[in-house]
Amino acid sequence: MHAFDYATPESVADAVVMLSDHGKNACVLAGGTDLIVQLRENRRRTDLVVDVKKIAELNALSYDAATGLTIGAAVPCYRIYGDAEIAAAYPGLMDAARLVGGTGIQGRASLGGNLCNASPAGDTIPPMIVLSGEAEIAGPNGTRKVAVEDFCTAPGRTVLEDGEFLVSLHFPAPLANSGAFYRRFIPRNEMDIAVVGVGASVVLSGDRSSFVSARIAVGAVAPTPLFVREAGEALAGQPVSDETIRRAADLARDAARPISDMRGTAEYRKHLTSVLTRRVVEGAVQRAKE
Amino acid sequence: MADRHDEARPDESTHSEIKPGTRFTRRGFLKGAGAGAVTAAVAPAILVSEAGTAAAQETEGVMSATISLDVNGSTHNALVEARTTLADALRDRLEITGPKVVCDKGECGACTVELDGKLVFSCMTLAMDAQGRKIETVEGMADGDSLHPLQEAFVEKDALMCGFCTPGFLMSSKSLLDANDNPTPEEVREGLSGNICRCGTYPHVFEAVMSAAEKMRKGG
Ligand SMILES: Cc1cc2nc3c(=O)[nH]c(=O)nc-3n(C[C@H](O)[C@H](O)[C@H](O)COP(=O)(O)OP(=O)(O)OC[C@H]3O[C@@H](n4cnc5c(N)ncnc54)[C@H](O)[C@@H]3O)c2cc1C
Ligand code: FES
Ligand code: FES
């Protein structure tokens, strides 16, 4: 690993000053489970590592049934699923938080880091998209908000400009008769990168016979995690049936633009997208009924 | 996978110059003066505060500092660079060699330690990031000469061959049983999924954890 400086600002403002001063030569450290590997393998160089874990806002974790959930960008996964109330309110997010690495990774890995790392296969990103997550960003010009679905722009690239960093993630409170689900396909049981990952959230009618609305997002099948708006929209107003769900799954498959690599061919990934989407929507429906 | 030999190569960053027009930073100053000399002359004096933690919160950050680490209940000071991982600080500076470095990238679990009661891979944690937190290594498991029930069970069930993965497995097993004293075999597998054993001792490891859990529930 090449040499760098290490700083631990204690306020958002101090962090912005450091990041602005150093521009592209600084980087943010949360859990380090991506960053340290990238630095060690010389895939990335930096003059200054800005550890944001001492900033209060980055460690905040709060849920209110009226206003929703706020997760500081550096909060590690274990704290999120370790909170019984939050786990019960956002099971779709927990599906992903529980499967990022093993326990040794979850002790440090954050949703903020997962999002900012902008891997097409980042497991927590599709569920954050379908839960209508919003990213709060701080920078030299103050703060701004960006929908999670617009945050990643290319593999490893995000909307963050020089001097900006992610402060927190916000999710609206779950609606009545709603449910969300995330599942990925990997060749082993644990510790692998998704071949395809799919997240879905649904809102059902009072009698649970039809969809009021739905959101579907897919991972590992495009340069960024992909929000497939049309797949969710195709469900809105439709009865909950195998046929409507299959149609949405086909739309998700059609939106996928996968590559072939050692984990699977493009054709295989397309097929998986359709199968997983079907199962994941069914899972979300099941949770909406519970 | 990257060529590991590259990673071990000493760093060349001390060559960089202060570019015209750049603000005169602490870093620039450190570089201009030669990192080695500054480390020795400045770090211990200005970087260790009363509380014994390095004051790395200066606006420019620090390249090296004497930090204090709380390992298994005792405090150790170590001069580290910002890039020094906790694994390297423990092993090379403090000679606490229980945590092993095998993959050095979070994939094998040989370097597993507890940080404030949570499992982490010490190869992916910067030493400076571990200041002020409680670090537990496998060395802290036994009580003097009397082994922890998990260590006894590993011996009894022959849960190791070369033993290189064992400190990591022990730490993960301990953390698992601290959180759940009656795990199912499935939960044991999941709890240990971050640890890899090249010798393939998994069945014996799982058996040892189940047996230790039972013994510990009975108060042994
Ligand atoms: C063994 C292993 C298994 C893994 N398994 C999975 C898995 O199953 N699924 C998965 O999706 N990922 C996995 N990962 C990858 C990684 O653990 C996750 O992406 C994790 O969520 C990253 O979070 P972090 O807090 O460690 O981020 P860091 O490593 O600290 O940061 C990641 C990136 O985001 C930037 N960053 C972090 N926080 C901010 C911020 N607040 N503002 C701006 N930029 C920021 C950093 O500069 C860096 O570029 C695995 C990694 C390892 C080593
Ligand atoms: S050496 Fe740290 S996980 Fe392999
Ligand atoms: S006993 Fe040799 S690696 Fe596990």
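What to note about this one:
- Cα-based equivalent ellipsoid of the protein assembly as shown: semi-axis lengths in Å, sorted from largest, via gyration tensor: 39, 31, 20
- Zone residues, region A:209-243, relative to A:Asn177, backbone N less than 14 Å from point 7 Å out along Cα-to-Cβ: A:209-214, A:236-241
- Here the scattering of region B:124-167 is modelled by Debye summation over its C-alpha atoms, one equal scatterer each and no solvent; at q = 0.26, 0.30 Å⁻¹ the log10 of I(q)/I(0) is -0.95, -1.09.
- Per-residue mean of C-beta atoms belonging to partner chains within 10 Å, peptide B:115-128: 6
- Per-residue packing, averaged as other Cβ atoms within 10 Å, sorts the ranges A:164-170, B:192-198 into the order A:164-170, B:192-198, beginning with the highest.
- The peptide list B:131-138, B:157-164, put in order of mean Cβ contacts within 10 Å with the highest first, becomes B:131-138, B:157-164.
- Farthest towards the positive end of the charge dipole of region A:196-290, among the residues A:Val212, A:Leu251, A:Val198, is the Cα of A:Val198, using unit charges on the Cβ of Lys, Arg, Asp and Glu.
- Most positive-pole-ward Cα, A:Val100, A:Ala3, A:Pro155, against dipole of region A:1-157 from beta carbon charges: A:Ala3
- Solvent exposure of region A:88-133 amounts to 19 Å² per residue of accessible area, where only protein heavy atoms count and the probe is 1.4 Å.
- Averaged over the residues of peptide A:30-36, the number of Cβ atoms from other protein chains lying within 10 Å of each residue's Cβ is 5.
- The mean count of C-beta atoms from other chains within 10 Å of the C-beta of residues in B:184-191, rounded to a whole number, is 1.
- Per-residue SASA remark: B:Lys100, around 40 Å² accessible (1.4 Å probe; ligands, DNA and RNA not included).
- For chain A: rounded, prolate or oblate by the Cα gyration tensor [a/c cutoff 1.5]: prolate
- Mean residue ellipticity at 222 nm, helices only, chain A: -9500 deg cm²/dmol; runs of at least 4 DSSP H residues each add -39,500 (n - 2.57), and the sum is divided by the number of residues.
- Relative to the longest principal axis of the Cα atoms of chain A, the long axis of helix A:266-289 lies at roughly 80 degrees.
- Spacing of the two label points (7 Å from each Cα toward its C-beta) at B:Glu139 and A:Asp162, in nm: 4.5
- Rh (Kirkwood; distinct C-alpha pairs) - region B:95-220, Å: 14.6
- Estimated distance in nm for a label pair at A:Ala60 and B:Val155, the labels positioned 7 Å out from Cα along Cα-to-Cβ: 5.2
- Lysines whose Cα lies under 26 Å from that of B:Lys105, excluding same-chain neighbours fewer than 8 positions away: A:Lys24, A:Lys53, A:Lys54, B:Lys118, B:Lys134, B:Lys174
- What you get for chain A, charging only the Cβ of Lys and Arg (+1) and of Asp and Glu (-1), is a dipole of about 820 debye around the Cα centre.
- Region B:92-135-region A:249-290 distance, computed between alpha-carbon centres (Å): 37
- Computed E for A:Arg229/B:Asn180 - FRET, C-beta separation, R0 35 angstrom, nearest 0.05: 0.30
- Dipole magnitude of the protein assembly as shown about its Cα centre (Cβ charges: Lys, Arg +1; Asp, Glu -1), debye to nearest 20: 1040
- The P(r) of region A:56-171 has a tail past 16 Å containing 56 percent of all C-alpha pairs.
- Ordering of A:37-45, B:75-83, A:260-268 by burial proxy (mean other Cβ atoms within 10 Å per residue, highest first): B:75-83, A:37-45, A:260-268
The values are calculated or read from the model by the stated rules, or taken from the named source; none is laboratory data. Please read all numbers here as calculations on a predicted model, not as lab measurements. So basically every Cβ, Gly included, is an ideal-geometry build from the backbone, and we count neighbours across all protein chains shown. Ligands, DNA and RNA are excluded from the accessible area calculation, which covers all protein heavy atoms including side chains. Shrake-Rupley method; radii C 1.70, N 1.55, O 1.52, S 1.80 Å.
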